[in-house]
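What follows is one structure encoded as structure tokens, with my remarks underneath.
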Amino acid sequence: MNEPHDHHHAHAAGHRHPPQADHDDTLTYYRRLEIAVRELLIEKGIITAGEVSKVIEDIESRSPEGGARVVARAWSDPKFRELLLRDATSALTSMGFELALFLDTQLVIVENTPDVHNVVVCTLCSCYPRMLLGLPPAWYKSRAYRARVVSEPRAVLREFGLELWDRVAVRVHDSTADLRYLVLPMRPPRTEHMSEAELTALVTRDSMIGTAVCRAPS
Amino acid sequence: MHGYHDLGGTPAGPIEKEQHEVQLWEKRVEALLLLMKRRQIQSSDENRRALESLGAEVYHALTYSERRILALSNNLISKGVFSVEELAAKLKQVEHRKNQLP
């Protein structure tokens, strides 16, 4: 059960890790707090243990593969792509995603082109298109990413190994609880022969956040 | 004036890109937040408001899931879902159970 280094935060000044990393089997105050809050809610009949398990299953069932299927469909079907950019909820429900996922938040798909590269952040907290990508990676929630990507996006992208031509405009989209963004990356060259399923495999999580681009297999 | 949670454009160091596995207890925190929203006990905005009321020091010292469960707990107390005393007693019970483990 020893999972080394499970912190989900930027290393802010003044906060240093203890010499012993925080393991999953150590019951810290906040883990006890989660247990206590959950048990009180169950005892009071507000939720059931079964509901908690069901929601965790739902969370675990969502991964970037959902978003990748959407991108591959948009690359393969121009009508779908047009609808996706105009009305993402209609496009996604037409693919079989549950409407309930989109009821309390608007999803906007931003399209990369040869002239424009899009990047997504949430400077205020960690809003993220979870319905299509699952839980956000630790760096997305980190202080450093949230602070810097809006003021020096090109430097941040370079840290991710992505160097863009100067003529490409970089647009940074700051998400909120009510409005989330997903990047529609560009289809890599020399993939004309590939099926939708093959294309799905080329679409990475980071390409849909905007910190990477999709590449054809070499 | 910027709130301490409003990080856009503030100075910060390099981005750590190593993967961190999301742990089960952290998924349970997310599940509780979602269920409270579904029950209309706490909206996302109310949770955010509670996060933004923790104070800069606490906000930056805690991990993501730690501050989310603390914010939820504070809101549930202020809404009267449970009392500080009930929570304290339950925390003691959880601590006691831990000590019973082999």
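Assorted remarks:
- For the pair A:ARG190 and A:SER61, the difference between a 0.36 nm per residue extended length and the Cα-Cα distance amounts to 43.2 nm.
- Net length gained if the chain between B:HIS96 and B:TYR4 were fully extended (0.36 nm per residue, minus Cα distance): 29.5 nm
- The length gained on full extension between A:SER53 and A:ARG215, counted as 0.36 nm times the residue separation minus their Cα-Cα distance, comes to 54.6 nm.
- Spin-label model, B:GLU57 to A:ASP115: label points 7 Å out along the Cα-to-beta-carbon direction sit 5.2 nm apart.
- Each of A:MET194, A:PRO114, A:THR26 was scored by the projection of its Cα onto the charge dipole of chain A, and the greatest displacement toward the positive side belongs to A:PRO114; charges sit on the C-beta of Lys, Arg, Asp and Glu.
- Accessible area (Å², per residue) of segment B:24-100, counting only protein heavy atoms and a probe of 1.4 Å: 48 Å²
- Mean sequence separation of contacting Cα pairs (under 8 Å, at least six apart), scaled by the length of chain A, corresponds to a relative contact order of 24 percent.
- For segment A:63-209, Kirkwood radius (reciprocal of mean inverse C-alpha pair distance, Å): 15.7 Å
- Distance between the pseudo-spin-label points of A:PHE80 and B:LYS79 (7 Å out from Cα toward the beta carbon): 3.8 nm.
- Computed with a 1.4 angstrom probe on protein heavy atoms, the B-A interface buries about 5700 square angstrom of accessible area in total.
- Here is the list for segment A:133-218: GluC sites (Glu not before Pro) lying in DSSP coil, each with at most 13 other C-beta atoms within 10 angstrom of its C-beta, are A:GLU163, A:GLU192.
- For A:ASP174 and B:GLU16, the FRET efficiency from 1/(1 + (r/R0)^6), where r spans their Cβ atoms and R0 equals 22 Å, is about 0.55.
- Residue-averaged [θ]222 nm for chain B, counting only DSSP H segments that reach four residues, each worth -39500 (n - 2.57): -18500 deg cm²/dmol
- From most to least packed by mean Cβ count within 10 Å, the peptides A:58-66, B:77-85, A:121-129 give A:121-129, A:58-66, B:77-85.
- Prolate/oblate/rounded call for segment A:125-166, Cα gyration tensor, a/c under 1.5 rounded: prolate
- Degrees between helix B:64-78 axis and first principal axis of chain B (Cα, 0 to 90, nearest 10): 60 degrees
- For B:LYS37, the aspartates and glutamates whose Cα falls under 12 Å of its own Cα, not counting residues fewer than eight places away in the same chain, are A:ASP104, B:ASP45, B:GLU46.
- Solvent-accessible area, 1.4 Å probe, carbon plus sulfur percent, for segment A:63-209: 52 percent
- Alpha carbon convex hull of segment B:24-100, projected area averaged over orientations, nm²: 5.7 nm²
- Dipole moment magnitude, nearest 20 debye, the protein assembly as shown about Cα centre, only Lys, Arg, Asp, Glu C-beta charged: 280 debye
- If you look at the Cα atoms of the protein assembly as shown, you get an Rg and a Dmax of 20.8, 66 Å.
- Averaged over peptide A:135-145, the number of partner chain Cβ atoms lying within 10 Å of each residue's Cβ comes to 5.
- For segment B:24-100, the relative contact order is 25 percent, taking Cα pairs closer than 8 Å that sit 6 or more residues apart in sequence and dividing their mean separation by the residue count.
- Reachable aspartates and glutamates from A:LYS44, criterion Cα separation under 12 angstrom, eight or more residues apart if same chain: B:GLU86
- Ignoring lysines fewer than eight residues from A:LYS141 along the same chain, the ones with Cα atoms less than 17 angstrom from its Cα are B:LYS17, B:LYS27.
The values are calculated or read from the model by the stated rules, or taken from the named source; none is laboratory data. Keep in mind that what you see is a predicted model, and the values were worked out from it rather than measured. All Cβ positions, even for glycine, are placed from backbone atoms using ideal geometry, and neighbour counts span all protein chains on display. Side chains are part of the model used for accessible areas, which takes the heavy atoms of the whole protein and leaves out ligands, DNA and RNA. Shrake-Rupley method; radii C 1.70, N 1.55, O 1.52, S 1.80 Å.
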